[in-house]
């Protein structure tokens, strides 16, 4: 097909704008995380660098760019420098098909969802390569953990995306958002949103699933040997991925720019609405990071293979039957409410207040020490009764 | 009052002016008497010398029988299941090993002492009786040069490989304060 | 003691206080070639080759980089002793260091500032040296507390290094045992102003580890990383 | 819970070196690792060995108190209490009533501050960022009181053989009562955030199990030993100062895993706060210093005195030769003895568990290496 010069220029401008949106989103996330976590932890967070600390990510970027770039002598230099690229590029290419408003999109593929899934798998290779090529024990451990975790959490995300595709009869983002005009998919099938969020957390490596970047165990995982600009690329890629999970959640589950106000919104308002929803999901991710400790690797694997994957298959089957035999859509809602609400009710019925129950159980077998009566306050005669006897340097 | 100058050879006691040394008299309270009686029954003739203070009786035992006595204290009537503390004291002419045993069941404390020659101090290891002894012995070996045949590994614990000398001994010089 | 900027002989050693030049005592590493490493309190980086070179306009970019560097100092998570507790409470909610963009980071590769918080024991000297060398340039060292500055309350001990500047060059000394969190924050403020002032006469840019250490040794040889350690019998 | 795997081949020697975020200070653990399983642990200590015991032999009794502040630098007042009691025992001096009450109140406050630091750093070891901030906020409040009473946040040098250095300021009692209310709320806050947290329970329950007899033989003491159900607490078994006149509970663990060791310390915070309230109710007036001689010159002899440090049974064996300097001071460091049990607990666990087990022992390197 003949690509005229103007098409090429238009495309490059669009790509450049896309790159800026993604990069600005990631930078704003860096600032938002430190401020929001500060807020949760009762401290102000960065507020000295520029107004409200807004220039803090820029100061970090300048410092990282001007840092000496050290590569360990025993590492395979070529692969060592290829790994950040392999992690960074997929997280940006994925933005090609994300529509920020009805027609604000670079290339609206009709297989948009499938394109996202195909590209986002590539970053696993980058992480493992980074771990292996920097030739340090911690990096290898981090790399293996990353491979195990990301591969096993890829399956639930893919099945959830297929369920959404089935619900909206197409894999095209715009059609998915149009299908949610009346009721967003989070109301239709809340279980899918919960599984998507958990798997998304694991995909991005956020607490409680950040075992490959675990500070206290594997000291930075695959990125332990990187410094300066290369490490900044990994750092940026991680935040871009978080933003991708936020945008995807907004598009697929919260009804993108369509849901509460219908299709007649001007472009700016619909982009703002979508960004609002995306930041809402990102705030949930940061909130989870502040409260939960880290899971152990075998618990993490068990959760993926024993809970998330079977549940997502069941949901997939029920969605398929609903599509084939035209059951009413609320069948899925009842299923997901059954799966989500029942265990919570049973759990709370069992332990009214878990902390109190623990305290009672433990103080039951505690050893009680009873006080002996105090002897009368006898003022011993040879003790000098002045209050402060100075000078005794003993 | 003459400060104990570490440089001066400690062989001859530095002449002391200052008030005469008072020796603390050791009196046992009634609970201490019971424990001392139990200890005497357990040790029998092996106790060369024994006294005590408040509720901690102590007994001096010959170095060779210490392992047997400790085993008897642990398994016997007193049930000393915890080696609370083990230390070495450098009395210039001899090195004294002191073991504080404690029984968590009947809440009694006993102190065993054994004297070792200053030049080649060695005593049987108690690591097979109490697990805690392994690290105490490695530390005593580092700082005082006491040898413990029977301890699994005597690699330096607190000091590093190339450290010459045993800093716990009184003969080891301390850095004087250099005015920078 | 501003270093005389415009002498161009690179071989002039840094300002090394008089006491370090004496032959006996105080030397820590003896290199195989016989030269010994007595790292002075060399906290003034080498004079730069770029001073007053006609035709070179230096200015805003250095200040921008210095502003970036000083406002995002990442410290290495590395506490030795009691001062580490005060350092942690400085990072925590009450005296929040995150306001200045100072975050603790586990890996030396991504850290800029190494805070020596506590007593430097001889067994710990070598790991400190290795950690210092693994940190990429530009890096700074804060000796927190009197133990790190000069051995502190353990000046008589047989196993304490009398001050971390026996091992690595130090930028900021923080007095106190342990220094209060406000003192540590003041140290960071001084470090930030030092970074900005260094950038003004851009001595910092051509600073590389080996050049600094080479100029500090009396005979200019760079000690190998595993220089044999011999005890100062003092 | 973890079935007994067969370790036929060993993959890697992972070195959690002196500089590692999870090792509290400069503790080095070499794990022989088969995949994620830990086959064996060889701890290396001595990176903070400052020779405190040898220095104590060349300093007078007054100066040794400052050395003891720096041995366990998280619970300073408990260390001073241990040495001062040994000094008083050998000199047969009895501190007056009011001084004993001040000592116990400050020591128990220091225990709460030390447990708060434990709760915070243990959450960081397992990945939780927020509990440490709440705990340090309470710790700052306690340190403000210490500064008001003793003049220093950490290194107080406040206790003397025979009493305390100076009397407490007048607003001490109301200030401590208000402080107890705030600190109790802070402890409840981090308790609610962490103790019933599903992921935290999954990471700590059933991990690093050690049964009573092996724990006693390894010399464990304090909350680490009481986690295995052995009721050994120096305040109860060998009561000192004014502990016999207080009634309190000693919580015991059920199956000696990381969760029990953690939760005992949370319960001990509540117990200590109750004790301080009782002390404030019985707070007597009177002198704060026994009429001792100017320079402590104890008679020649040996004495062993121990007290309940937040980490365990801190003992001091004092040998005096009649001069004004101790002839030999031996410290029984609870963290040093708790580390002996580390290897038996960590075999067969995961790497992440090794970090959790080390954290649950709550070691302080200043005390381990002295």
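Details
- Acute angle (nearest 10 degrees) that the helix A:122-133 long axis makes with the longest principal axis of chain A, alpha-carbon atoms: 50
- Note on the protein assembly as shown: antiparallel DSSP beta bridges, both residues inside, total approximately 75 percent of the bridges counted.
- Build a GNM of chain D with springs between Cα atoms under 10 Å apart, and of D:305, D:113, D:152 the one that fluctuates most is D:152.
- Spatial offset of the range B:25-57 relative to the range A:210-254 amounts to 67 Å, using the alpha carbon center of each.
- Descending semi-axes in whole angstrom, ellipsoid equivalent of the range B:57-147, from the Cα gyration tensor: 22, 13, 11
- Kirkwood-based Rg to Rh ratio, the range C:115-203, C-alpha trace: 1.00
- Note on the protein assembly as shown: Kirkwood hydrodynamic radius from all Cα pairs is 32.7 Å, rounded to one decimal.
- Pairwise centroid distance, computed over Cα atoms, of the range B:76-114 with the range D:322-370, Å: 20
- Tensor-based shape of the range A:75-145 (alpha-carbon gyration tensor, a/c under 1.5 rounded, otherwise prolate or oblate): prolate
- Helical mean residue ellipticity (222 nm; -39500 (n - 2.57) per DSSP H run of 4+; nearest 500) of chain D: -15000 deg cm²/dmol
- With R₀ fixed at 51 Å, the C-beta to C-beta distance from residue B:122 to residue A:302 puts the FRET efficiency at about 0.45.
- For a label point 7 Å along the Cα-to-beta-carbon line of residue D:66, residues of the range C:147-173 with backbone N under 11 Å: C:152-155
- Separation of the residue B:172 and residue B:33 label points, Cα + 7 Å toward Cβ, nm: 4.4
- Over all directions, the projected convex hull of the C-alpha atoms in the range A:70-350 averages 15.8 nm² in area.
- Mean separation of Cα contacts under 8 Å, 6 or more apart, over the residue count of the range D:97-220: relative contact order %: 23
- Sites residue A:364 and residue B:152, calculated FRET efficiency, Cβ-Cβ separation with R0 51 Å, nearest 0.05: 0.80
- Computed as a quarter of the hull surface, the mean projected area of the alpha carbon convex hull for the range D:51-333 stands at 14.3 nm².
- Peptide-level mean, for C:178-190, of C-beta atoms on other protein chains within 10 Å: 1
- Between residue A:137 and residue D:192, the FRET efficiency from the beta-carbon distance, with R0 = 45 Å, is close to 0.75.
- Net length gained if the chain between residue A:79 and residue A:340 were fully extended (0.36 nm per residue, minus Cα distance): 89.5 nm
- Coarse-grained scattering of the range A:21-138 at q = 0.12, 0.21 Å⁻¹, given as base-10 log I(q)/I(0) from a Debye sum over alpha-carbon atoms: -0.70, -1.10
- Whole-Å semi-axes of the range A:133-266's equivalent ellipsoid (Cα gyration tensor): 35, 16, 11
- Size check on the range D:106-155: the Cα extents along the three principal axes, sorted descending, read 35, 16, 14 Å.
- For the range A:16-52 and the range D:112-190, distance of Cα centres in Å: 33
- The listed peptides A:197-203, A:118-124, ordered by packing as a protection proxy, come out as A:197-203, A:118-124 (highest mean of other Cβ atoms within 10 Å first).
- When the P(r) is computed for the range D:1-130, the part past 25 Å accounts for 51% of the Cα-Cα pairs.
- The Cα atoms of the range A:197-255 cover 41, 24, 10 Å along the three principal axes, with the biggest extent listed first.
- Chain B shape via C-alpha gyration tensor axes, a/c threshold 1.5: oblate
- Estimated inter-spin distance, residue A:268 and residue B:49, nm [label 7 Å along Cα→Cβ]: 9.7
- Pair residue D:214, residue A:107: separation of 7 Å Cα→Cβ label points (nm): 6.0
- Between 0 and 90°, nearest 10: helix D:130-150 axis offset from chain D longest Cα axis: 10
- Using alpha-carbon coordinates, inclination of helix A:309-324 to the longest axis of chain A, degrees: 30
- For chain B, the relative contact order is 16 percent, taking Cα pairs closer than 8 Å that sit 6 or more residues apart in sequence and dividing their mean separation by the residue count.
- Over the range B:39-82, the alpha carbon radius of gyration divided by the compact-protein estimate 2.2 N^0.38 Å works out to 1.10.
- Rg to Rh, two decimals, where the range D:245-370 supplies the alpha carbon set and Rh follows Kirkwood: 1.08
Values in this text are rule-based calculations from the coordinates and carry no lab data. The structure displayed is predicted, hence computed values, not measured ones. In this analysis, Cβ positions are derived from the backbone assuming ideal geometry, glycine residues included, and neighbour counts consider all displayed protein chains.
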